Every structure is written in C-alpha cells, then in structure tokens.
Amino acid sequence: MTHIEMTVNGDKRSDEVEPRLLLVHYLREVLGLRAANVGCDTTSCGACTVLLDGESVKSCTVLAVQASGHEVTTTEGLSGDGELHPVQAAFRQNHGLQCGFCTPGMVMAAVGLLAENPHPTEAEVREGLEGNFCRCTGYHNIIRAVLAAADTEQGQANAEVSA
Amino acid sequence: MIPAQFDYVAAESATHALGLLAQHGDDAKLLAGGHSLLPMMKLRLAQPEVLIDIGGLTELAGVSVDGEALVIGATTRHADLAASDLVRAEAPLLAYAASQVGDPQIRHRGTIGGSLSHADPAADLPMALVALGGSVELLGPGGSRTVSADDFFLGFFETAMQPDELLTAIRIPRRPGVPWGYQKFVRRANDWAIVGVAAVDGRIALANMGPKPLRATAAEEALAAGASAAEAAQHAAEGTSPGEDIHADREYRRHLAKVLTRRALEHETA
Amino acid sequence: MSILGTRVLRTEDPKFLTTGGVYTEDVVDERLAGACHVFFVRSPIAHARINSVDVSAALEAPGVVAVYTGADLADLAPIPPSAAGLISTEMVQRLLATDKVRFVGDAVAAVVTEHPYQGEDAMELVAVDYDPLPAVLGYDPSDDSLLFEAAGTNVAGYWGDASQLNPDLFDGCEVVVSETIINQRVAPAPMETRGSAAVWGDDGRLTTWIPNQGAQGTKAEMAKLLGIDESLVRVITPDVGGAFGAKFGADPEHVVVAWIARHLGRPARWTETRYENLIAMTHGRAQQHTVTIGGSRDGDVQAYRLEIVQDAGAYPRIGAVLPMLTILMTTGPYDIPKAESVAKVVVTNTTPIGAYRGAGRPEATAALERAIDLFAAEIGADPADVRRRNLLAPFTEPHRTAFGALYDTGDYAAALDRALAAAGYAGLREEQAKRRASGDIRQLGIGVASYVEITGMGDGEGTPPQENATVEVHPDGTATILTGTSPHGQGHATAWAMIASEELGIPVDKITLKWGDTDLIPEGGGTGGSRSLQQGGAAVQQAAQELLEVARLRAAAELEANAVDLVFDKTRSAFNVAGDPEASVPLTRLAENERLLIRTVFSQPGATFPFGTHVAVVEVDTETGKTTLQRVITVDDAGTILNPLLAEGQRHGGIGQGAAQAFLEEVVYDDDGNPLTASFADYPFVSATEMPSFELADMATPTSYNPLGAKGIGEAGSIGSTPAVQNAVVDAVAHLGVRHIDMPVTSRRVWQALQAAGSEH
C-alpha cells in the first residue's frame, strides 16, 4: 500500500491505497464521490473527467498515487452556497443533458476548456470536447450550453470589473 | 480494465530513477504522463512489476533555447508544448503536432518523452520529430548520449533506448519563419492517424505507413531536384510498407500518402 | 396561461449536474452491504465446442468467493428464442454456455470476488479448453457448420412467404432498378454499460437493481428464468445512463447474478466493462435488403419489392422479430400501387441482435429512401420531385396500407416542402452545380429522406396500447405521480409533472414522479417504441382529471354545495362555488381526512404515426473520399408538442445516432468472427467534432388518438437522418458515375466507389 495525500474539492484527504487504484475509483469508492463515471476501457469517452490542479484530465487514466500532492475538483465541488456554477446552470438552461451519465465529465471538461479559452467559437468548443462522448444529445445542446456559459462568465467578469 | 498489480516508486531525481531502472531491469517501466503506458496496462497488454514515477521531476520539464536548438524537457506535457510561445515561434510544426495528440484531457497529461519512447508509428510526435530532424538525449549508467530521430525509431513500438536508460530531453533545430505543413487523416477527431504527413524544410515524414515513422525519401529527392509539390508527392508512398486494418487497406493508404504529402508540401494543416 | 407547450426546464437536472445520477453501480443501500462482485469469463472464439472448464487455479486466487460454470446452473431453463413458434425452438441460449460457445463474448463462467479489483486477476486463471468450429458469418450462411445441430439449419425463421412473391410485379414498368444494400450492424453503446445488484431477503424474495427500460417486463423475465413465481421478484430501476432499446427485459447476466446471490446467501453486484458491452450487449440493425423499384419514366413509382435477410446473431432475441416491423413499414409515406416484402432470419456466430433506436423501422425507411434515389437517378429526375410526386395525399382520417398499418394522420408533402424550404434546397442545388462545373475537389451533396414511422404500438397481442398512472395530492401541497413508463433521459419527471400541474394547479417543482419499482408499480409497459408521452402522459392527464372529480365531491360536502355548482380554479388550485370565490376550499385540504388519489389506465385506439423529412448537406473531398457533415435540416411531425425543449433534445439525439450510422459507425468482424471494434478506440462512436448543429423546423399535425394530440418522437430522428446522410454522400459523387455506396459511407468506401466508377482523382 502507498500513502497518498491530496485535496479534493477543498478538503484534505489522506489514505493508504493500492498503487494500481485508479483515481476515478479512489474518488468513487473511497471518497464516495460518484458523479464521475467510468464509461470505457480505452481513455476515449471522458465520462470520468475531473480537474487536476485546474486542468481537465481523465481520472480513469491517472493513478491515485499520481494525484498525491495535488488538487482535484469534481462536479460535487463546483457549485458553492447552493448555487450552480455558471457551466452547470448553462447546461440546465440549454437542456444539455438527458440521461446524465456523461454529464459530470462533460461539465468538468467544459470548465477546463473555458478556463483556457474563455471565448471559444463553436468549432473550438466541438474540438475542445472531442474527448467527451455523449449518446443522448447529439451534442447540439451541449455546445449551446458551453457557448452560453462562456457568455455568462464573460458577462459576470464584465459586471465585476464595472462594479 | 484495471492493471495487474505492481509496486510503485516516485523517483526523487533523474539519478534516482536511473538507479531504480538498473535495479529492476525489465521488470520496471517509467511512468510520466502515463497516457501511453496506463492504457496498455489497463488492457493488460503491459504488466510491469514496478512503476517508476518521474512525472514529478520538474528538472525534466520545460522549454529553452541552446544555440541553434530548441531543448524540450522529456516530461513536458503536450498541452504546454502546444501553447508555448517559444515552440510556436521556433518549431511551429512541433507545437501543432502536440496540439493534435488525442484530446485536451490527454494533452494535459501526456508527455513528449513518453510519446517518443512509446514509438507508436501512427502517433503525432514521433512523426514530427522525424520531420524536424530532431534528436533525443538519453541518460544511462554510462552517461549521456544523443540519438537522431532517424536512428531512434527502430520498429513497431521499438526504439534505440536501452531498458536502463532515461529519455531526458529532445533537441529540435530552430526554424523560425520556415513554412511547414501537417496532415493527419482521421476518421474521428481523437483517433490516431490513418495516415499522417509532416513536412518542413525539404523533409517529409509519414505516420502509419510502416512499423515506424518513415521519411518519404523519394519524394524529398524529387523536391530537392526541383519537382513541384504535386510531382514530388507522387513518390510519397515509395519505400513504405503500410498495413491493413479496419480503416484502410494498403492501396488506400498509399493513395492517401500521396494526396496528404502534396497538401503538406503546400503548407496546409489538417 | 397553459404550461403545456412551453419550455419548462427539467426538475431532474440539479441532481445530475452536481452529485450526479445514481446509476446501478452507484447504488448505496444497506441491503447490499457486504456484496460480492461477479465477473463473467467470456469466449474469445466465435464458434467452438467446450471440452472442459478448469476453475481450480481461479479458486485459489486472492479474494475469490466462488466460480460457477454452466453445469452449476443446469437446473435453470435456457432462454427460449423470441417468437417461439415462428422462430426455430431449438435455438436456445443457456445462461452460461455448456456444450458450445456461439459468439465472441458468450459467457462461459462467472467468477465471484470480495473486491472488484480482484475479479480481473482471477478471471485470467479460468482455463477453458475449446475445440474451434468454423465460424458462420454473413447474410447467406451455409449450413455446413451449424450453430444449433438440433435445428439442422442456420435459418431461424421467415416472415412472409417468399414463394408468394409475384414474378410479374414489375410488368408494365418502363424503368426497373434493383440493388442489394446493407443496413449494417451497429452497437447501441449507451454511456452506461449494463450491470445489476441482487439480494434475497429472509422472506425468500429477490430484490434486484437493474438498469432497464421497463421494470415490469424485466421482473416477468427474471421470474421465468429463475423458475420462481413473479410475486417473489422485485425489480428496482435506478437512474439509467441511456438504453436505446438494448436494456429491455432480462439478460442472462442479470439472472446469473441473482442466482449467485441466492446460492451464496449474500448480495451480489456486477458492472460490465465497455469491452463486454460492445460484444455482449445486443447489437442493432444488421439487415441485408434487396430492393427492386419500378415505375414510369416520368416519375410514378408503380411497384416495389423489399427482400430482407436479418442477421439475428448467435441467439434469436428481439432482433429476430424486428423484420416484422420492417415489413409493416415497407411503403412508408408513399402511395405505391404494388408492393411486397418478405424476410428471412439467419443465425451467425456474432453478438445477438436486439432493438436499437427505431428497431426495425429505420431499416424500412433506409431501404425505401435508397430505392427512391436509385429510381430518381435512373430517370434523371430530382429526388425531391420524385418524392413529392409519390407521397400519399394528406389525410385526417386513418389510412390503412397494404401491409396492415393504420396511419392516423399525415401530411407528408407539407413536411417535405417545409424541410426543403428550411434547407434552401434550390440554392444548394445551384451551389452544387457550380462546383460540379468547376470540378471542385470538394463536392457538395444534398440528401433527402421522407419517412413515416409507427410509435406506441402496444404489445401486439390484441390489447389496445395503454398505460397506467396514479396521481395523488398530499395535504402539504405536493403531489406524487406513479407511472408505468421508465424514463432514462427523456425527462418524464418534468413532463408528467407539467401535465399534472396543468390539471391540478400544483406547481411543477412540487410534483414528484416515481417509476421502475415493481413493488410500487406492478404494471407498466416501460419506455420504448416512443410510446411514453402518448400513453403514459395521457394516463397522467386522465388520472388527474379523474382525481378532480373525486375531489369535487369532497369539496361539495365541504362547502355544503352541489357538486355541479362548483368550479375548479387552477390558478388557486381550489374549488369554489361558481360566482362566489370566497366560498372555496383548496385541493390539498381535500386530502387531509382521506387520501386523495386515483389510479387509471389510458387506452389508445392504436399506434400513432409521426412523419417527416430530413435533408442532409455534406461536403465530400473527392481526393480522399472524406465526408464532412455540414448541415442536417429536419421536419419531425409528432403531433402536439408538450415541451419543445425536451422534444428538440429527442430529435437531436436521434439525428446524432442516425447520422453516425450513415457515415461512421459499424461493428466489424474478421473472417473468423473476431470482433474488430470492441473498444471505443476502435468502434467509431461519434464525437462532437463530427457533428454540426442541427436545424429543426416545426410542424405539428395532431393525432386524435389521445387528448394530448401527441405521437411519439424518440426514434424519429434516427429514422430520417440515416438515409438522408447516405443519400447526400452518394449525391455528392453521383455526377462522377457513382450510384450507390453502402453504409457507413466511410472515406475509404467513397474513394473505392470513385475508383470503380473510373474517376481518377
């Protein structure tokens, strides 16, 4: 067993784990954070996407031991004070989810995308989500949600600046 | 879909990593981004008994200039390479190739050293290295050595790296302002190339036209002899040994190599 | 102001967006404490006899609780073929293979471990000795190697009688065109794989959590396959991460997991890997079509024949029956004087075929729409014009086709014209002509597909299609609905709440929907075949209305007035004496002394028939053959729309899957029956980069079959888009001599078609 320490959604965690324990299983089975899902075996689908030090990663292809010493953010930790994060709110507003299985990973990938590219074009959003599969929505409303969230965040940033 | 059991050690330095490699030999594999190795381990196609994690070694990351060469640390992530102003200025083909690997999440983790030592003939960075005429620096018990791209890739997932060596850095000739082209023909966005072509400065490299990234030497020679892009591209498939799979048969791959080489020589990216 | 027809945001979403849905693998329940984990050892060979299964090494592995083989389950009956009687009864599927394996993925043993990570380690140690047999593949499998020796053939059955086909059907046709086309095998690939959890109580009852599309049907199958009375089975449906037709009923694995839980006397859980999902969850489509179409030179289609071969895979499941629906929809929206259709069902050493979004109807449309385009090309006419000329005239009274389908309402030409207008069809043809004239490397293709499809068809055994609902109003101002439907992304919690809210005046966010627990809701038809709104939603409306009548009587007593003198004011959710608003009683008050609930069953006269037209615009790179899907414009008329937000989402999803089948997705086997597309790296599951944003045009021709005026919309998108995209790609290179390309129209196929047509590029 290997000792690991990391911060997950702002909380410090420390555990003993098997080296082969995947980060996604650490989050789900050890920490009980089950929003991130496992959807494939080949690092293709992105349903397990979380943020590692603010960057989107596929937690099925990160060992828990590799994340030791770092910060992890999941959808459970995105919203504060009962308010949805702008990306979560935009997904709801735009019907960007149906069965919801891809959604936590999609949301975290979108948050990561907008952090790096606050004003993406539609093409950039589609490419930015190439690692996240959805079977239900045909992607149409997911793209609209991310573009709307980009507007919202920009709107919010503007509001803060001008206040 | 989960790896077989293994022991894990976080290396504290490059030297420490070398010592561990020497100690464990074939039983050990290096882990940096893990996005070539871990997918294979999850499918149990690779079952190392020990993983030596060098992902935390900041000494092995970063981009700098050393005379006529761009020097890139082996554990530099694809995303950082793609976004680096320095790389985009001095070796834009490399920055673009890094931006094409997998998807954003993969690019946040995968490293250039990992990708090159994995040596997938269909991958972006091995092809880019060959096109750019770069080289890799290998550190072993006996010291450091440099191997050129043309000599580094030996075959299907096989390189000139010894089991007791660590890839520490990549050197790329600086070519600011030199036109380049890149073509990655895929069925779907985050696939490996069905056929890939990278061209710069009279050099043309092909992905997935053989067991390793190949130089399209016949096309290069035609170009050097004054042929147009279209004429030179007609020779792109000569000397290649493309495989057959669900995406393409040999004939289609050869055809694609010619079309994509012409487009790369015309400095188009796709 | 009615809430019906408005874009109400989903009440489900906050949970899914934050803590996430609770799918079967996520379920935390004290009854499942101490659960063991089940892993299936599956055949790596397509066709073989099993000589022996040696589990001794596996039993020694860390954490292994037990290992079971087919011999351990000998007292359980195998799964019979679907439609026994029409389909050979010899073709049964054992829960764990005993003497033979018949497809790569056929389960041979079950390994049970304490911890999930131990399962894969132990599975590798199960040693199976196989005696390989020749693999049977394709649409014309020989009988040299038989999957089921006792059947004596690899033909599982027939639909219709090929000997009754009329050899003179095309007499008098000036033009006759024929082609054999493939509607290829695809993987439903919902994002959530299959799984289950099972535990037996001290009372001898099984409680099992299974992601499914209809708990009541699943319960019946579980009971039957376990050989116990239905009263001993409780099925609970957690959140389901997509299904698309492939999560109906009970799969062998669900039964084995339950059996293991009983045998070990402890809870058992199973989660499928994606590899298993891509080889052992039922596949979709896999029909070969020989289409023959004949007519006059000026464009009248006079005769059409469709000969179907259904590859049912190794065991005849739902897939073996689907050709019945394909035949039913043979002539689609067209008025074709003479038409006939027959099907043959074969078994092969591949994954069994099940339902997949559209389930038999996309196949009919795809064949017919390709045939129409072939006919149009033969006579040199515009494919849209040929369609308009041959579509059935608009009708408001039900129209019966020669194949026995009773279309309720339809205006097919209006749908066609609206779609063409929205697409800017004339302008597209101009652009195409320009590029053809200039020999542009990137050619434009425009594809049209008109369709009608059958939704809400009932169980096909004579009872009119129906669904039940229970609505209860609580004293605290909330309400609960119990439904027999089974949502897995469609948004019924919001939609049924809208319907109840409209009747009862209770806000949507105070209404809770429950489904999928057979102890709570013993009867129900589930969600599939696009039935839910027209029958399940109508049942909710009916229940709410009936509840108000009960409430009215209570209000009359309360207000000491005559019931007929009372009005129900929805805005206040209260009864008052007509003309005297002060004399009122809130609806919720009437639930205080005695429960206020109604259970009702809504019956519909028959199935309904949504229809539409899809137009696809593609750009084909004639040097590489690569297709870029630029636009998809659709009209999907499903009658009155309850919630446009949800309806659009259903259309988008269907278009995405339908388009993906046309130009991207395919399950591929090699000549030995080894699957080559058994991961998401190899199976080209479509990503956001391959899709454009879609353009949806509105059209609503209500049905009179239910008070909501609603037909089904869930599958329409995948029915129209597939042939529209395929036709578009062929159209892009038709001027270069190409008349047909099979799906998926990959870049390689397009390039090969160009080579064959003699165009050197």
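Which value, in Å³ per residue, describes the convex hull spanned by the Cα atoms of chain B?
Value for chain B: 120 Å³ per residue.
So what's region B:133-270 giving for Cα Rg divided by 2.2 N^0.38 Å, two decimals?
Taking the Cα Rg and dividing by 2.2 N^0.38 Å, one obtains 1.12.
Using only the alpha carbons of the protein assembly as shown, what is the convex hull's orientation-averaged projected area in square nanometres?
Projected area, direction-averaged: 49.4 nm².
Efficiency by 1/(1 + (r/R0)^6): what FRET value for C:VAL176 and C:ASP698, r their Cβ-Cβ distance, R0 = 30 Å, to the nearest 0.05?
For C:VAL176 and C:ASP698, the calculated efficiency is 0.20.
Using R₀ = 45 Å, calculate the FRET efficiency as 1/(1 + (r/R₀)^6) where r is the Cβ-Cβ separation of B:SER241 and C:ASN166; round to 0.05.
The calculated FRET efficiency here is 0.25.
Could you list C:LYS224, C:LYS247, C:LYS219 in order of exposure, starting from the residue whose Cβ has the fewest other Cβ atoms within 10 Å?
C:LYS224, C:LYS219, C:LYS247
Applying 1/(1 + (r/R0)^6) with R0 = 25 Å to the Cβ-Cβ distance of A:THR121 and C:GLU431, what FRET efficiency is obtained, to the nearest 0.05?
With R0 = 25 Å, the Cβ-Cβ based efficiency is 0.60.
If each residue of separation counts as 0.36 nm, what is the full-extension length gain between C:ASP335 and C:ARG442 once their alpha-carbon separation is subtracted?
Stretched fully, the C:ASP335-C:ARG442 segment lengthens by 34.9 nm.
Calculated from DSSP H runs of 4 or more alone, at -39500 (n - 2.57) each and per residue, what is the 222 nm mean residue ellipticity of chain A, nearest 500?
Dividing the helical sum by the residues of chain A leaves -10000 deg cm²/dmol.
Could you list C:ARG102, C:ARG185 so that the one with the fewest beta carbons within 10 Å of its beta carbon is first and the one with the most is last?
C:ARG185, C:ARG102
Need one number: nm distance between label points at C:ALA563 and C:ALA77, each 7 Å from Cα along Cα→Cβ, rounded to one decimal.
4.7
Please quote Rg/Rh for region C:646-708 to two decimal places, taking the Kirkwood radius as Rh and restricting both calculations to Cα atoms.
Expressed as Rg/Rh, it is 1.18.
How much of the pair distance distribution for region A:2-77 lies past 20 Å, counting alpha-carbon pairs only, in percent?
18
Shape of chain C from its Cα gyration tensor (a ≥ b ≥ c, root eigenvalues): rounded if a/c is under 1.5, otherwise prolate when a/b > b/c, or oblate?
In terms of gyration-tensor shape, oblate.
Which order do the peptides C:425-431, C:317-323 come out in when sorted by mean C-beta neighbours inside 10 angstrom, highest first?
Top to bottom by mean Cβ count within 10 Å: C:317-323, C:425-431.
Could you calculate the contour length gain from C:ASP229 to C:ASP298, that is, 0.36 nm times the residue separation minus the distance between their Cα atoms, to one decimal place in nm?
Difference between extended and current length: 18.5 nm.
Report the charge-dipole magnitude of chain C in Debye, nearest 20, computed about the Cα centre from +1 at each Lys and Arg Cβ and -1 at each Asp and Glu Cβ.
Taking the Cα centre of chain C as origin, the dipole is about 780 debye.
With Rg and the Kirkwood Rh both taken from Cα atoms, where does Rg over Rh land for region A:27-126?
With Rh from the inverse mean 1/r over Cα pairs, Rg/Rh is 0.95.
What value in Å³ per residue do you get for the convex hull of the alpha-carbon atoms in region B:147-211?
132
For peptide A:59-68, what's the mean number of Cβ atoms from other chains within 10 Å of each residue's Cβ?
6
Across peptide B:38-47, what mean number of C-beta atoms from other chains lies inside 10 Å of a residue's C-beta?
Counting Cβ atoms of other protein chains within 10 Å of each residue's Cβ and averaging gives 4.
When only Cα pairs under 8 Å and 6 or more residues apart are kept, what is the percent relative contact order across region A:86-162?
48
At a threshold of 8 angstrom on Cα-Cα distance, excluding pairs fewer than six apart, so keeping six or more, what relative contact order does chain B reach in percent?
16
Placing +1 at every Lys and Arg Cβ and -1 at every Asp and Glu Cβ, with all other atoms neutral, what dipole size does region B:180-265 have around its Cα centre, in debye to the nearest 20?
Approximately 240 debye in magnitude.
With an 8 Å Cα cut-off and a minimum separation of 6 or more residues, compute the relative contact order for chain C in percent.
15
Got a sec? How would B:LEU154, C:LEU133, C:LEU504 order by Cβ neighbour count within 10 Å, fewest to most?
The order, fewest Cβ neighbours first, is B:LEU154, C:LEU133, C:LEU504.
Mind checking the dipole of the protein assembly as shown: about its Cα centre, +1 per Lys or Arg Cβ, -1 per Asp or Glu Cβ, Debye to the nearest 20?
Charge dipole of the protein assembly as shown: 1260 debye, to the nearest 20.
Once the piece of chain linking B:ALA227 and B:THR58 is laid out straight, how much longer is it, given 0.36 nm per residue of separation minus the C-alpha distance between them?
Taking 0.36 nm per residue and subtracting the Cα distance, the gain is 56.2 nm.
Report the label-to-label distance for A:ASP53 and C:LYS15 in nanometres (one decimal), using points 7 Å from each Cα along the Cα→Cβ vector.
Distance between the two pseudo-spin positions: 3.7 nm.
Cα gyration tensor of region C:480-621, axes a ≥ b ≥ c as square roots of the eigenvalues: rounded (a/c below 1.5), prolate (a/b > b/c) or oblate?
Prolate, because a/c is 1.5 or more and a/b exceeds b/c.
Give me log10 I(q)/I(0) at q = 0.15, 0.18 Å⁻¹ for region B:7-53, Debye formula, one equal scatterer per alpha-carbon, no solvent.
For region B:7-53 at q = 0.15, 0.18 Å⁻¹, log10 I(q)/I(0) is -0.35, -0.50.
Run lengths n ≥ 4 of DSSP H only: what is the helix-derived mean residue ellipticity at 222 nm for chain C, with -39500 (n - 2.57) per run over all residues, to the nearest 500?
One gets -8000 deg cm²/dmol as the mean residue ellipticity at 222 nm.
Just checking the output field for C:190-200: average partner chain Cβ neighbours within 10 Å of each residue's Cβ?
Per residue, the number of nearby Cβ atoms from other chains is 3 on average.
What does the highest-first list of C:641-651, C:443-453 look like by mean Cβ count within 10 Å?
C:443-453, C:641-651
Can you give me the C-alpha center-to-center distance between region C:660-698 and region B:159-213, rounded to a whole angstrom?
Using only Cα atoms, the two centres lie 27 Å from each other.
Which value results when the Cα radius of gyration for region B:81-195 is divided by 2.2 N^0.38 Å?
Compared with the compact-globule rule of thumb, region B:81-195 sits at 1.05.
Values quoted throughout were computed directly from the atomic coordinates according to the rules given, and no laboratory measurement underlies them. Everything numeric here is computed off the predicted structure, so don't read it as measured data. So basically every Cβ, Gly included, is an ideal-geometry build from the backbone, and we count neighbours across all protein chains shown.
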